[in-house]
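Below is one structure, written out as structure tokens; comments come after it.
The values are calculated or read from the model by the stated rules, or taken from the named source; none is laboratory data. What you see is a predicted model, and the numbers here were worked out from it, not measured in a lab. All Cβ positions, glycine included, derive from the backbone under ideal geometry; neighbour counts span all protein chains shown. Calculation scope for accessible area: heavy atoms of the full protein, side chains included, ligands and nucleic acids excluded. Shrake-Rupley method; radii C 1.70, N 1.55, O 1.52, S 1.80 Å.
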Amino acid sequence: MSEFPISIDLSVGSSASIVEDLRSFLSQLDEEQVRKAIAEILILFQQKPGLGAVVYQKLATYYYQQNQVDLAIDLYQYSIQLNSEFELAYYELGNIFAQLKYWDKAINTYEKILEFKPNAGYIYERIAEVYYQQENWDLARYYYNNAVKFKPNLWLSFYKLGEIYGRQHDWLEAIATYQASIYHKSDFPWSYFRLGECFAALENWQESARSYEKAIELLPDFYWVYQALGQVYLKLEAWEKAVKLYQRASQLESDYYCCYKDLGYAYLRLGEWEQALDNYNKAVELKIELSFQDQQWIDILTQLQEHPIEFVNNINNPKTIKVFLPFPISSALFSPDSYFVIEQLQQNHIEFTRNPEQADLIIAEKLQVLEFFSYQYKHHKKYLLYTEEPRFDINFSKVISLNKINIYIMNIYTQDVFINNYCYCIWHHRIEAVNQSLPQLKAIHFNRKKQKKIVTLITKKMNSSLLRDGENIDLNALRCEIALTGYYLGKVDIYGQGWGERVSLEDSREGDWTMRKFEILQDYHFNLCLENTIAPYYCTEKIWDAIIAGCLPIYYGGKHSTIYEDFPPNSFIDYCQFDSPVELFNYIDLMEFSEYEQRMNLCIDTFNKMSKIMKDNQYFVGKRTEQLIKKISTIFD
């Protein structure tokens with residue numbers, strides 16, 4: 001016979017009323033009696049285990065709120081004993097173990113849910129959080145990835161993935177997951193702050209600034225962001241903006257030591273020496289470790305002077321200019337088979353020699369090669385760096401000084417290599433498309449296989465940046481960011497090297513890659529095909545291949561791009577018109593076929609016009625040769 005005089009009417013069927021009666025009864029007992037009572041009452045619930053499980057779960061919740069943690073744990077375990085698939089009981093018990101830092105017990109409890117509910121994304125998130133707290137980044141990443149796989153709207157999982165990738169300096173993955181987090185929760189300031197840090201790590205200062213500014217908009221007293229944004233403006237040499245931001249950060253947190261050193265440098269660049277010294281001294285007062293350069297600024301703030309340098313060229317003009325190429329140059333203008341080019345050069349008293357001793361001018365694609373020859377021949381010869389590749393040389397001036405010797409530059413940034421948007425593409429691989437007009441797109445002929453509409457064929461490149469006049473003209477990081485964000489949102493298929501098997505569907509470029517590229521493109525609606533660099537007339541095969549394959553290009557037509565000299569507005573999708581990858585994908589999701597058809601046909605019209613112009617002008621080889629002749633003549637004037 002029971003020593004506890006309580007009657008439970010199981011026919012009532014209401015767990016709430018039973019719990020209320022039990023709470024009233026148990027409140028009269030001491031802790032030991034309570035434990036005996038709930039163990040004895042358990043027998044009664046064998047008749048209705050489902051009801052009993054709910055009762056014990058609710059009692060456990062109540063006692064946990066009363067800080068009777070051990071009793072709450074016992075009650076949860078009784079609840080699970082009555083119903084071995086009671087998800088809520090496992091979940092709340094796992095949360096208690098996690099809060100108590102009983103990590104193994106927490107994981108084991110959460111994993112019990114996965115045994116009968118293997119696609120429970122929020123459980124993967126909880127397990128990931130446990131590993132995150134233990135700083136087991138690999139397992140945390142694994143479980144967070146599973147969390148968003150089974151429940152794609154778990155914004156916190158995307159945010160934590162961003163933090164993990166950031167710790168591992170995988171900035172592109174971090175950016176993509178932060179973007180996905182923002183897509184699902186756009187009002188969380190820390191996502192924008194972390195996103196700004198990632199862009200800063202890639203030296204993408206404009207995007208970093210935009211992210212930090214959004215964080216400030218959401219949380220105006222977020223003093224860390226003011227300091228971080230100030231550092232961005234230092235990189236952009238926007239000294240006055242940096243000063244205002246550092247001042248605001250120091251107002252919000254007077255001893256925020258990071259501000260004063262950087263504020264001193266900003267004032268230094270503005271020529272406000274007194275304020276610079278005041279802030280440097282404040283940094284010293286707060287025992288901030290100063291760099292050797294900062295210490296020098298403190299010592300000589302009032303003694304800064306400019307030292308202009310002048311270079312003089314004393315070479316006489318030769319009648320016939322002989323050119324020596326140490327190594328082959330990747331251009332039709334320097335091919336041994338380009339007889340038309342050679343003849344045109346000879347008509348202008350320019351000829352090639354294989355003997356550097358006889359040469360008046362040495363031309364190479366790499367600066368190091370010219371540097372080597374300049375050591376030997378010094379001012380006795382002239383030197384021209386010629387390249388059509390954006391990263392073989394990144395000088396923006398038409399002449400530079402190397403060891404007091406002038407090196408003349410002819411690259412995509414000096415705007416005398418390419419004369420229009422057609423010159424770069426290797427057209428002999430696409431001659432069939434050029435020789436016949438592409439047909440207009442019609443709805444009845446449009447049938448693409450892939451469920452995902454967008455495809456990109458790019459190599460993953462991290463930490464890529466190229467600054468020109470304070471702007472990042474590199475597009476490698478941006479196009480990888482867009483691709484990864486689209487991948488995580490289930491909208492983009494990626495082909496290319498460096499991504500890993502999890503992301504890339506194919507990474508080989510062996511064999512006839514051009515034909516394989518067209519095979520891939522013909523299954524998709526859109527092709528994300530940004531160049532790797534922004535420069536006037538630097539237009540490779542990417543946008544043209546998309547059009548040939550019947551894909552609407554997603555391209556970049558911003559500042560420094562000349563693409564709109566040929567393409568009309570609202571033809572290709574211009575990423576410059578969007579503030580983020582998410583905004584781009586939302587736009588594409590809402591696009592009607594009528595707009596798609598109109599845009600695609602404008603692109604096809606442009607391609608057909610371009611094809612005729614190219615054929616009529618013999619692919620502009622002659623006009624490009626004229627540019628080379630003009631450059632060489634200028635060097636010897």
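Some notes on this structure:
- Those residues of region 370-417 which are in contact (Cβ under 8 Å) with a residue 60 or more places away in the chain, open to solvent by less than 10 Å² (accessible area, probe 1.4 Å) and within 29 Å of the chain's Cα centre (by Cα), in sequence order: Pro390, Ile412, Tyr413
- When Gln179, Gln134 are screened for being closer than 22 Å to Arg194 by Cβ and in contact (Cβ under 8 Å) with a residue 60 or more places away in the chain, only Gln179 passes.
- For Asn421: the one exception among (1) open to solvent by 10 Å² or more (accessible area, probe 1.4 Å); (2) modelled with pLDDT under 90; (3) out of contact with any strand residue (DSSP E or B) (no Cβ under 7 Å at 6 or more places or on another chain): (1)
- Residue identified as farther than 30 Å from Ile534 by Cα and modelled with pLDDT of 85 or more among Asp360, Asp337: Asp360
- If the condition is being among the aromatic types (Phe, Trp, Tyr), part of a helix (DSSP H, G or I) and either open to solvent by less than 40 Å² (accessible area, probe 1.4 Å) or touching a residue at least 40 places away in the same chain (Cβ under 8 Å) (or both), then region 56-94 contributes Tyr56, Tyr62, Tyr63, Tyr76, Tyr78, Tyr90.
- Checklist (1) in contact (Cβ under 8 Å) with a residue 24 or more places away in the chain; (2) buried (at least 22 other Cβ atoms within 10 Å of the Cβ) applied to Asp187, failing item: (2)
- Take the conditions (1) open to solvent by less than 20 Å² (accessible area, probe 1.4 Å); (2) in contact with a Phe, Trp or Tyr (Cβ under 7 Å, 6 or more places away or on another chain); Ile107 misses just one of them, which is (2).
- Every test in (1) outside any helix (DSSP H, G or I); (2) within 19 Å of Phe222 (Cβ to Cβ) is passed by Glu203 save one, and that test is (2).
- Scan of region 473-501 for residues that are polar (S, T, N, Q) and in contact with a helix residue (DSSP H, G or I) (Cβ under 6 Å, 6 or more places away or on another chain), ordered by number: Thr485
- Checked against the criterion of being in the same structural domain as Gln497 (by the TED database) and not in a helix (DSSP H, G or I), region 594-613 has no qualifying residue.
- All conditions but one from (1) outside any helix (DSSP H, G or I); (2) modelled with pLDDT of 85 or more; (3) touching a Phe, Trp or Tyr at 6+ places or on another chain (Cβ under 6 Å) apply to Gly52; the one that does not is (1).
- Answer residue from region 244-256, given it is surrounded by fewer than 23 Cβ atoms within 10 Å (Cβ to Cβ) and in contact with a helix residue (DSSP H, G or I) (Cβ under 6 Å, 6 or more places away or on another chain) and is nearest to Leu286 (Cα to Cα) among those: Tyr256
- All of Leu521, Leu505 fail the test of being under 23 Å from Lys453 (Cβ atoms) and touching a Cys at 6+ places or on another chain (Cβ under 6 Å), apart from Leu521.
- First in region 197-215 and at positive phi, second anywhere and part of a helix (DSSP H, G or I) and not small (Gly, Ala, Ser), Cβ under 8 Å, 6 or more apart: Glu203/Lys235
- Against the criterion of being polar (S, T, N, Q) and more than 17 Å from the chain's Cα centre (by Cα), Gln497 does not qualify.
- Against the criterion of being part of a helix (DSSP H, G or I), assigned by the TED database to the domain that holds Thr387 and more than 22 Å from Thr625 (Cβ to Cβ), Gln368 qualifies.
- Breaking point among (1) within 16 Å of Tyr424 (Cα to Cα); (2) open to solvent by 30 Å² or more (accessible area, probe 1.4 Å); (3) assigned to a loop (DSSP other than H, G, I, E, B), for Lys542: (3)
- Qualifying residue in region 344-365 (condition: hydroxyl-bearing (Ser, Thr, Tyr) and free of Cβ contacts under 8 Å to residues at least 24 places away in the same chain): no
- Inter-residue pairs, beta-carbon under 8 Å, first outside the structural domain of Tyr575 (by the TED database) and in region 439-456, second part of a loop (DSSP other than H, G, I, E, B), 6+ apart: none
- For region 227-238, the count of residues that are at pLDDT below 85 and either surrounded by fewer than 22 Cβ atoms within 10 Å (Cβ to Cβ) or assigned to a loop (DSSP other than H, G, I, E, B) (or both) is nonzero.
- Search result, residues across region 568-582 that are among the hydrophobic types (A, V, I, L, M, F, W, C), open to solvent by less than 40 Å² (accessible area, probe 1.4 Å) and not in a loop (DSSP other than H, G, I, E, B): Ile573, Val582
- Given (1) touching a residue at least 60 places away in the same chain (Cβ under 8 Å); (2) open to solvent by less than 70 Å² (accessible area, probe 1.4 Å), number of the condition Leu263 does not satisfy: (1)
- The set of residues from region 492-533 being open to solvent by 10 Å² or more (accessible area, probe 1.4 Å), among the aliphatic types (A, V, I, L, M) and part of a loop (DSSP other than H, G, I, E, B) comprises just one member, Leu505.
Conditions (1) farther than 24 Å from Thr485 by Cα; (2) crowded, with 17+ Cβ neighbours inside 10 Å, marked per residue:
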{"residue": "Asp566", "(1), (2)": "yes, yes"}
{"residue": "Leu584", "(1), (2)": "no, yes"}
{"residue": "Gln598", "(1), (2)": "yes, no"}
{"residue": "Thr606", "(1), (2)": "yes, yes"}
{"residue": "Ile613", "(1), (2)": "yes, no"}
